[in-house]
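The next block holds one structure in the form of C-alpha cells; read it before the comments.
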Amino acid sequence: MLILGIETTCDETAVAIVQNGKEILTNTIHSQVELHRKYGGVFPELASRSHIERLPSVMKMALQEAKISIAEIDLISVAKGPGLIGPLLIGMNYAKALSWGLEKPFIGINHVEAHLYAAMMGPSPALFPSLGLVLSGGHTFLVFMQEIGSYTIIGSTVDDAIGEAYDKVAKMLNLPYPGGPEIETLALQGDPRAFSFKPGQVKGKPLHFSFSGLKTNVFYTIYGQNSSSSNKDLICPLSLEEKSSIAASFQEAALQDVVTKTLLALEHYPCQAIYIGGGVSCNKRLRTLFSEKIPTTPLFFPPKGLSLDNAAMIAGLAFHKYQRQESADSLSLEPETRPLLL
Ligand code: KG4
Ligand code: ZN
C-alpha cells in the first residue's frame with residue numbers, strides 16, 4: 001500500500017511516500033527554521049503563510065524523488081494535530097482537496113503518536129508490550145503500549161515539555177532557535193557537575209515530569225535572583241566556559257531525570273522494549289545515558305531523519321491505523337489542537 005503523508009503541524013512543511021508502513025520512498029522536508037530564527041521561536045502567522053507557499057512544491061519534489069505518479073497513491077494521510085491551528089488547517093485542507101479530487105481515501109493521524117511510531121520504523125519488528133517515550137518541543141510523555149494504537153499514559157509533564165526547556169535555556173544563553181542542538185553542542189565543552197540543577201518531582205506522581213523549576217533555576221543562576229525573565233532582550237553576562245558548563249549541567253539534569261523515570265516505569269510495567277521519539281531523541285548524550293543505564297531492555301530510536309518533525313512517520317503510522325480502523329476518515333474531520341490525546 002503506497003501512502004502519501006503530509007505534515008504541517010508547526011514549522012516543517014513535509015511530504016513523504018511510504019510503502020506498507022516502513023519502506024520510505026521519499027521523506028521531503030522544508031524547514032522554516034531560518035524564517036523564525038530572528039523571533040527566537042515559531043511565529044504562527046508566518047508559519048501558515050510559508051506552508052501555503054511551500055506545500056505544492058514540496059509535494060512535487062516528493063513525487064519526483066519517489067518516481068511515483070499521484071495516481072499510484074492508495075491513501076492520503078495528514079497530521080491532524082496537535083499543533084498550531086493555522087498550519088494544521090493548511091495541511092488538512094490540502095490533504096482533503098487531494099483526497100476529494102483524486103477520489104482516494106483520507107485519514108488523519110495524531111502527530112505525537114507518529115513520533116512514537118517513528119522509533120518503530122527501523123528494520124526490527126515492533127515488540128509489545130513496551131514503553132514509549134515522547135520527547136519533543138511540545139510534549140513529554142511516558143506511555144505503556146500494548147500494541148500500535150493501544151496506549152496508557154503513565155507519565156507526562158505538568159508544565160514545560162523537555163524540548164521547550166532546552167529552547168528556553170538556549171534563549172537565556174543567547175543561543176539561536178532551535179536551542180536543543182545548540183545546547184547539545186555547547187555542553188560538549190562544559191562540566192556537567194559545575195552546577196547542581198534539579199528537575200522537578202511531582203508530588204504523588206513519580207512518573208510525571210516538571211521542567212519549569214529547572215528552567216527558572218538556570219535563569220537565576222545566570223542573571224541573579226532579582227532579575228525578571230519578562231525582559232526579552234537579556235544579554236547573557238557569562239564567559240563561554242561558564243555558558244558551556246550551564247548547558248552541560250542543565251542537559252545532564254534534564255536527561256538523567258528522563259532516564260531515571262523510565263527506569264522506574266520499567267519496574268512497574270515489565271516491557272519487551274523501549275521506543276523513544278520526538279526531536280530530543282536525536283540527542284547523543286540522551287542515547288548514551290539510556291544505553292548505559294538500561295543495558296538489558298532493547299532500546300529503539302527513530303532512524304536518521306525521523307526524530308524531528310517529518311511526514312514519513314505520518315504515512316508510516318497511517319498504514320496501521322487505516323487497517324485497524326477499516327475505513328477512511330470523513331472529509332469533515334477537524335484539526336485537533338488540544339495537547340493530546342492518542
Ligand atoms: O519533535 P520536534 O521536531 O517538534 C515537536 O513536535 O515539538 O521537536 C523539536 C524540539 C525542539 O524543542 C528542539 O530544540 C529539540 O526538539 N531538539 C533537541 C535536539 N534536536 C532538536 N533537543 C536536544 N538535543 C538535540 N540534539
Ligand atoms: Zn513533533
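Restricting the search to region 267-287, which residues are aliphatic (A, V, I, L, M), within 19 Å of Ile148 (Cα to Cα) and either more than 12 Å from the chain's Cα centre (by Cα) or surrounded by fewer than 18 Cβ atoms within 10 Å (Cβ to Cβ) (or both)? Please lay out each step first, then the result.
Going through region 267-287, the residues aliphatic (A, V, I, L, M) turn out to be 273-274, 276, 280, 286.
Narrowing further to those that are within 19 Å of Ile148 (Cα to Cα): 273-274, 276.
Ala273, Ile274, listed by residue number.
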For this session: Filter region 62-85 down to the residues that are over 23 Å from Ser307 (Cα atoms) and in a helix (DSSP H, G or I), then identify the one that is farthest from ligand 1 (Cβ to nearest atom).
Result: Ala71
Problem set entry | Residues that are at pLDDT 95 or above and either basic (Lys, Arg) or buried (at least 19 other Cβ atoms within 10 Å of the Cβ) (or both), drawn from region 37-58 | Ala47, Arg49, Ser50, His51, Arg54, Leu55, Val58
For this session: May I ask you to list the residues in region 95-113 that are out of contact with any Asp or Glu (no Cβ under 8 Å at 6 or more places or on another chain), within 26 Å of Ser69 (Cα to Cα) and within 16 Å of ligand 2 (Cβ to nearest atom)?
Result: Ile109
For this session: Please give the number of the condition Val18 fails out of (1) at pLDDT 95 or above; (2) surrounded by fewer than 23 Cβ atoms within 10 Å (Cβ to Cβ); (3) not basic (Lys, Arg).
Result: (2)
Exercise. Regarding Leu133, is this residue at pLDDT 95 or above and more than 30 Å from Glu242 (Cα to Cα)?
Worked result: yes
For this session: Just give me the residues in region 173-187 being out of contact with any Lys or Arg (no Cβ under 8 Å at 6 or more places or on another chain) and either more than 16 Å from ligand 2 (Cβ to nearest atom) or acidic (Asp, Glu) (or both), in sequence order.
Result: Asn174, Leu175, Glu182, Ile183, Thr185
Problem set entry | Any pair with Cβ under 9 angstrom, 6 or more apart, that starts in region 47-63 at a residue that is over 19 Å from Gly86 (Cβ atoms) and ends at one that is of a type in the set (S, T, N, Q) and surrounded by fewer than 19 Cβ atoms within 10 Å (Cβ to Cβ) | Leu63/Ser69
Exercise. In this structure, is Ala126 among the aliphatic types (A, V, I, L, M), under 23 Å from Ser156 (Cβ atoms), more than 11 Å from ligand 2 (Cβ to nearest atom) and in contact with a Phe, Trp or Tyr (Cβ under 6 Å, 6 or more places away or on another chain)?
Worked result: no
Exercise. Picking from Ser136, Ser150, Ser130, which residue would you name as being away from ligand 1 (no atom under 16 Å from the Cβ) and crowded, with 22+ Cβ neighbours inside 10 Å?
Worked result: Ser130
For this session: Looking at (1) under 29 Å from Ser332 (Cβ atoms); (2) away from ligand 2 (no atom under 16 Å from the Cβ); (3) modelled with pLDDT of 95 or more, find the lone condition where Leu116 falls short.
Result: (2)
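Give me the residue from region 233-255 that is under 18 Å from Thr216 (Cα atoms) and polar (S, T, N, Q) and, out of that set, nearest to the chain's Cα centre (by Cα). Steps first, please.
So in region 233-255, the residues under 18 Å from Thr216 (Cα atoms) come out as 233-238, 242-255.
Now drop any that are not polar (S, T, N, Q), which leaves 244-245, 249, 251.
Values: Ser244: 25, Ser245: 26, Ser249: 23, Gln251: 17 Å.
Going through the qualifying residues, I end up with Gln251.
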Problem set entry | region 291-335 - residue that is in contact with a Gly (Cβ under 6 Å, 6 or more places away or on another chain) and under 16 Å from Met92 (Cα atoms) and, of those, surrounded by the fewest Cβ atoms within 10 Å (Cβ to Cβ) | Leu333
Seminar exercise, completed: Flagged pairs (Cβ under 6 angstrom, 6 or more apart or on separate chains; first in region 3-14, touching a residue at least 60 places away in the same chain (Cβ under 8 Å); second away from ligand 1 (no atom under 13 Å from the Cβ) and assigned to a loop (DSSP other than H, G, I, E, B)) are Leu4/Ile73
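In region 202-224, what count of residues is obtained for those that are under 26 Å from the mean Cα position of the chain (by Cα) and hydroxyl-bearing (Ser, Thr, Tyr)? Before the answer, list the steps.
Narrowing region 202-224 to residues under 26 Å from the mean Cα position of the chain (by Cα): 202, 205-219.
Adding the requirement that they be hydroxyl-bearing (Ser, Thr, Tyr) leaves 210, 212, 216.
Going through region 202-224 one residue at a time, the tally reaches 3.
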Exercise. Restricting attention to region 181-208, which residues are touching an Asp or Glu at 6+ places or on another chain (Cβ under 7 Å) and buried (at least 21 other Cβ atoms within 10 Å of the Cβ)?
Worked result: Pro199
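Please tell me if Glu12 is touching a strand residue (DSSP E or B) at 6+ places or on another chain (Cβ under 6 Å), within 26 Å of Gly137 (Cα to Cα), of a type in the set (Asp, Glu) and within 16 Å of ligand 1 (Cβ to nearest atom). I'd like the intermediate steps shown before the answer.
Values: touching a strand residue (DSSP E or B) at 6+ places or on another chain (Cβ under 6 Å): yes; within 26 Å of Gly137 (Cα to Cα): yes; of a type in the set (Asp, Glu): yes; within 16 Å of ligand 1 (Cβ to nearest atom): yes.
Against the criterion (touching a strand residue (DSSP E or B) at 6+ places or on another chain (Cβ under 6 Å), within 26 Å of Gly137 (Cα to Cα), of a type in the set (Asp, Glu) and within 16 Å of ligand 1 (Cβ to nearest atom)), Glu12 qualifies.
Quick one: which residue in Pro181, Pro199 is more than 7 Å from ligand 1 (Cβ to nearest atom), within 23 Å of the chain's Cα centre (by Cα) and closer than 25 Å to Gly277 by Cβ?
Details: Pro181 fails: more than 7 Å from ligand 1 (Cβ to nearest atom).
Going through Pro181, Pro199 in turn, the sole match is Pro199.
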Problem set entry | Subset tally (residues that are more than 15 Å from ligand 2 (Cβ to nearest atom) and in a loop (DSSP other than H, G, I, E, B)) for region 276-300 | 5
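The values are calculated or read from the model by the stated rules, or taken from the named source; none is laboratory data. Worth saying up front: this structure is predicted, and the values here are computed from it rather than measured. Using ideal geometry, Cβ is built from the backbone for each residue, glycine included, and neighbour counts are taken over all protein chains shown.
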